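Here's the structure we're looking at; comments come further down.
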Amino acid sequence: MSDCIFCSIVAGDIPSSIVYEDEDVLAFLDITQVTKGHTLVVPKKHFRNLLEMDEVASAALFAKIPVIAQHLKEQLGASGVNLISNMEASAGQTVFHTHVHLLPRFDDKDGLHISFDANEPDFPVLAQLADQLRMETK
Ligand code: 5GP
Ligand code: ZN
């Protein structure tokens, strides 16, 4: 896609700090380095985000995620890794080419705080919602 910054990075028209590359996938360091080693894993083919990807394309992308995450963790001596993929602007997506953030974690010393506000479980509401959302096997 001509005006997509990650397509330009995949094509080599914009420089990037490459961590891993194969025929389907490119992984490169995020310029902002939210934590040390913050890496973006992208499909070489343009998709707007994961919501647009079929099983084959997303399987090729996610097949490489564990090995890249393990590599980052080992090389950096990290204690954990977060995986985030923002889909659409309301979810924080700013670059509209599918990407998975891998964020190496260094105990409580890396300055990144991710938290979920926990609600008390309401089991009837959960059951009703599951009825509404239950999918057929694909
Ligand atoms: P999003 O907010 O869409 O989930 O994440 C987009 C990410 O792309 C941001 O973390 C941002 O720092 C990163 N980014 C944007 N432009 C570039 C670029 O030109 N090179 C690299 N390496 N990362 C970029
Ligand atoms: Zn693109």
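From I65, I14, I31, grab the single residue that is modelled with pLDDT of 95 or more, within 15 Å of ligand 2 (Cβ to nearest atom) and out of contact with any Lys or Arg (no Cβ under 8 Å at 6 or more places or on another chain).
Values: I65 fails: within 15 Å of ligand 2 (Cβ to nearest atom); I31 fails: within 15 Å of ligand 2 (Cβ to nearest atom).
Every option except I14 fails the conditions.
Could you say which residue among H71, H99 is within 16 Å of ligand 2 (Cβ to nearest atom) and either open to solvent by less than 60 Å² (accessible area, probe 1.4 Å) or under 30 Å from D54 (Cα atoms) (or both)? Spell out how you get there, then give the answer.
Working: H71 fails: within 16 Å of ligand 2 (Cβ to nearest atom).
None of the others qualify; the one that does is H99.
Tally the residues that are within 25 Å of K109 (Cβ to Cβ) and touching a residue at least 40 places away in the same chain (Cβ under 8 Å), restricting the search to region 33-66. Outline the logic, then answer.
Step one: list which residues in region 33-66 are within 25 Å of K109 (Cβ to Cβ), which gives 33-41, 65-66.
From what's left, touching a residue at least 40 places away in the same chain (Cβ under 8 Å): 34-41.
Qualifying residue count for the region: 8.
Would it be correct to say that K45 is more than 13 Å from ligand 1 (Cβ to nearest atom), out of contact with any Leu (no Cβ under 6 Å at 6 or more places or on another chain) and open to solvent by less than 60 Å² (accessible area, probe 1.4 Å)? Before the answer, list the steps.
Numbers: more than 13 Å from ligand 1 (Cβ to nearest atom): yes; out of contact with any Leu (no Cβ under 6 Å at 6 or more places or on another chain): yes; open to solvent by less than 60 Å² (accessible area, probe 1.4 Å): no.
Here the answer is no, as K45 does not meet what is asked.
State yes or no: is V81 modelled with pLDDT of 95 or more and either within 12 Å of ligand 1 (Cβ to nearest atom) or surrounded by fewer than 17 Cβ atoms within 10 Å (Cβ to Cβ) (or both)? It would help to see each step written out before you state the result.
Details: modelled with pLDDT of 95 or more: yes; either within 12 Å of ligand 1 (Cβ to nearest atom) or surrounded by fewer than 17 Cβ atoms within 10 Å (Cβ to Cβ) (or both): no.
Criteria not met by V81.
Yes/no matrix, rows are residues, columns are (1) open to solvent by 30 Å² or more (accessible area, probe 1.4 Å); (2) among the β-branched types (V, I, T):
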site: I5; (1), (2): yes, yes
site: S8; (1), (2): no, no
site: A11; (1), (2): yes, no
site: Y20; (1), (2): yes, no
site: L40; (1), (2): no, no
site: L51; (1), (2): yes, no
site: A57; (1), (2): no, no
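Residue check: is K36 more than 11 Å from ligand 2 (Cβ to nearest atom), more than 15 Å from the chain's Cα centre (by Cα) and surrounded by 15 or more Cβ atoms within 10 Å (Cβ to Cβ)? Reasoning before the result, please.
Numbers: more than 11 Å from ligand 2 (Cβ to nearest atom): yes; more than 15 Å from the chain's Cα centre (by Cα): yes; surrounded by 15 or more Cβ atoms within 10 Å (Cβ to Cβ): yes.
Yes; evaluated as a whole, the condition is true for this residue.
Return the pairs, sorted by first residue and then second, in which the second residue is open to solvent by 70 Å² or more (accessible area, probe 1.4 Å) and not in a strand (DSSP E or B), the first residue lies in region 18-32 and is more than 13 Å from H71 (Cα to Cα), the beta carbons are less than 8 Å apart, and the residues are 6+ apart or on different chains.
Pairs found: D24/K45.
The values are calculated or read from the model by the stated rules, or taken from the named source; none is laboratory data. Everything numeric here is computed off the predicted structure, so don't read it as measured data. Methodologically, a virtual Cβ is constructed for each residue, glycine included, from the backbone with ideal geometry; neighbour enumeration extends over all protein chains shown. Heavy atoms of the whole protein, side chains included, go into the accessibility calculation; ligands, DNA and RNA do not. Shrake-Rupley method; radii C 1.70, N 1.55, O 1.52, S 1.80 Å.
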